[in-house]
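Asks: A single structure is presented below for examination.
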Amino acid sequence: MFHREGQKIITITFFLVVAIILAAQFYVSLEWLRFGIQIGGLVLLILVLQFFRNPKRPVTPNFDEILAPVDGKVVVIEEVDEPEYFKGKRKQVSIFMSPVNVHVTRYAASGTVTYSQYHPGKYLVAWHPKSSTENERTTVVLHTPKFGEIGYRQIAGALARRIVNYAEEGEQVTQGQDAGFIKFGSRVDLLLPLDCDITVKLNQKVVGAKTCIASLRKQDD
């Protein structure tokens, strides 16, 4: 299954590759060169298909857990001052996506969208410390039943040149539901309340809509 954001690119690439293969077949006389061109075209199509793949991941919503919004590797776990919306301290968990990861953004929790804002900006490499505040990005905040308000940022990287965000203020959303897409290598920051327990570690690989990122802090008896 492929993401709707890739339909146009996949179609164009398919016809382009077919044209390349046919042209090589009829107009390139050297067998090794013809074969190389045709294989190169097929590799290009496979790369485009794998980038826009959108695997089905059924989720039973769990109000006690925050799930990973994307596939990738945890590169930041720290307490930060968030100036845009929360204007205070938050626990930040950042997930870096390489070009080979699934690039679908999924809602980390069920709730109501209370804030959704796009910001133009730079294209620093996604792991740069200033990418969270200076790169092109979108900031989304959800009001959840148990965690209160949580936020996430889709951040463009050096290769990512388009962020797609489906979140609209006032919308009711469900954990694991498709929330957008980032084209070519990027990063997502989760902004969580201080009283939650982070359940992942630095450099851990996570899977969108499957890996638990944070849970409610257990109360002492």
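The values are calculated or read from the model by the stated rules, or taken from the named source; none is laboratory data. Given the structure is predicted, the values throughout are model-derived calculations rather than measurements. Note: ideal-geometry Cβ built from the backbone for every residue, glycine included; neighbour counts use all protein chains shown. Ligands, DNA and RNA are stripped out before the accessible areas are found, and what is left, the full protein with its side chains, is counted by its heavy atoms. Shrake-Rupley method; radii C 1.70, N 1.55, O 1.52, S 1.80 Å.
Asks: Filter the stretch 155-195 for residues that are crowded, with 22+ Cβ neighbours inside 10 Å, within 17 Å of Val80 (Cβ to Cβ) and either in contact with a helix residue (DSSP H, G or I) (Cβ under 6 Å, 6 or more places away or on another chain) or at pLDDT 90 or above (or both) and give the result.
Replies: Hits for the stretch 155-195 are Ile155, Val188, Asp189, Leu190, Leu191, Leu192.
Asks: Give the number of residues within the stretch 66-82 that are open to solvent by 10 Å² or more (accessible area, probe 1.4 Å) and not basic (Lys, Arg). Show your work before the answer.
Replies: We begin by selecting, within the stretch 66-82, every residue open to solvent by 10 Å² or more (accessible area, probe 1.4 Å); these are 67, 71, 73, 75-81.
The next check asks that each one be not basic (Lys, Arg); those that pass are 67, 71, 75-81.
Of the residues in the stretch 66-82, 9 are open to solvent by 10 Å² or more (accessible area, probe 1.4 Å) and not basic (Lys, Arg).
Asks: Something else now. How many residues are among the polar types (S, T, N, Q), at pLDDT below 85 and open to solvent by less than 30 Å² (accessible area, probe 1.4 Å) when one looks only at the stretch 117-154? Don't jump to the end; show me each part of the working.
Replies: Restricting attention to the stretch 117-154, the residues satisfying the condition of being among the polar types (S, T, N, Q) are 117, 131-133, 135, 138-139, 144, 154.
Then drop every residue that is not at pLDDT below 85, which leaves 131-133, 135.
Narrowing the set further to residues that are open to solvent by less than 30 Å² (accessible area, probe 1.4 Å) leaves 131-132, 135.
Of the residues in the stretch 117-154, 3 are among the polar types (S, T, N, Q), at pLDDT below 85 and open to solvent by less than 30 Å² (accessible area, probe 1.4 Å).
Asks: So is Val28 open to solvent by 50 Å² or more (accessible area, probe 1.4 Å) and without any contact (Cβ under 8 Å) to a residue 40 or more places away in the chain or not? Spell out the reasoning first.
Replies: Values: open to solvent by 50 Å² or more (accessible area, probe 1.4 Å): no; without any contact (Cβ under 8 Å) to a residue 40 or more places away in the chain: yes.
So Val28 does not fit the description; no.
Asks: Look through the stretch 105-116, keep the residues that are part of a strand (DSSP E or B) and farther than 11 Å from Tyr166 by Cα, and return whichever of them is least open to solvent (accessible area, probe 1.4 Å).
Replies: Of all residues in the stretch 105-116, those part of a strand (DSSP E or B) come to 105-106, 111-116.
Pick out the ones that are also farther than 11 Å from Tyr166 by Cα and you get 111-112, 114-115.
Numbers: Gly111: 10, Thr112: 39, Thr114: 49, Tyr115: 44 Å².
If we take residues in the stretch 105-116 being part of a strand (DSSP E or B) and farther than 11 Å from Tyr166 by Cα, then Gly111 is least open to solvent (accessible area, probe 1.4 Å).
Asks: Filter the stretch 83-104 down to residues that are of a type in the set (A, V, I, L, M) and buried (at least 16 other Cβ atoms within 10 Å of the Cβ) and give me whichever is nearest to the chain's Cα centre (by Cα).
Replies: Quick first cut of the stretch 83-104, residues of a type in the set (A, V, I, L, M) only: 93, 95, 97, 100, 102, 104.
When the remaining residues are screened for being buried (at least 16 other Cβ atoms within 10 Å of the Cβ), the result is 93, 95, 97, 102, 104.
Numbers: Val93: 13, Ile95: 8, Met97: 7, Val102: 7, Val104: 5 Å.
Filtering first and then ranking leaves Val104.
Asks: What pairs can you find where one residue is in the stretch 164-180 and under 14 Å from Val70 (Cα atoms), the other is charged (D, E, K, R) and surrounded by 22 or more Cβ atoms within 10 Å (Cβ to Cβ), and their Cβ atoms are less than 9 Å apart, with a gap of 6+ or different chains?
Replies: From the stretch 164-180, the pairs are Gln175/Arg106; Gly176/Arg106; Gln177/Arg106; Asp178/Arg106; Ala179/Arg106; Gly180/Arg106.
Asks: Please work out which one of (1) among the aromatic types (Phe, Trp, Tyr); (2) in contact with a Lys or Arg (Cβ under 8 Å, 6 or more places away or on another chain); (3) under 20 Å from Gln175 (Cα atoms); (4) open to solvent by less than 50 Å² (accessible area, probe 1.4 Å) is the condition Phe63 fails and give its number.
Replies: Result: Phe63 passes all but (4).
Asks: Look through the stretch 196-221, keep the residues that are of a type in the set (Lys, Arg) and over 30 Å from Leu47 (Cβ atoms), and return whichever of them is modelled with the highest pLDDT.
Replies: So in the stretch 196-221, the residues of a type in the set (Lys, Arg) come out as 201, 205, 210, 217-218.
With over 30 Å from Leu47 (Cβ atoms) added as a condition, the list becomes 201, 217-218.
Values: Lys201: 97, Arg217: 72, Lys218: 66.
Selected residue: Lys201.
Asks: Related question: Working only within the stretch 4-17, note down all residues that are more than 11 Å from Leu49 (Cβ to Cβ) and open to solvent by less than 60 Å² (accessible area, probe 1.4 Å). Spell out how you get there, then give the answer.
Replies: As a first pass, look at the stretch 4-17 and keep what is more than 11 Å from Leu49 (Cβ to Cβ): 4-5, 7-8, 11-12, 15-16.
If the condition is that a residue be more than 11 Å from Leu49 (Cβ to Cβ) and open to solvent by less than 60 Å² (accessible area, probe 1.4 Å), then Glu5 is the only one that fits.
Asks: Please indicate, with yes or no, whether at least one residue in the stretch 40-59 is more than 16 Å from Asp178 (Cβ to Cβ), assigned to a loop (DSSP other than H, G, I, E, B) and among the small types (Gly, Ala, Ser).
Replies: Checked against the condition, which is being more than 16 Å from Asp178 (Cβ to Cβ), assigned to a loop (DSSP other than H, G, I, E, B) and among the small types (Gly, Ala, Ser), the stretch 40-59 yields no hits at all.
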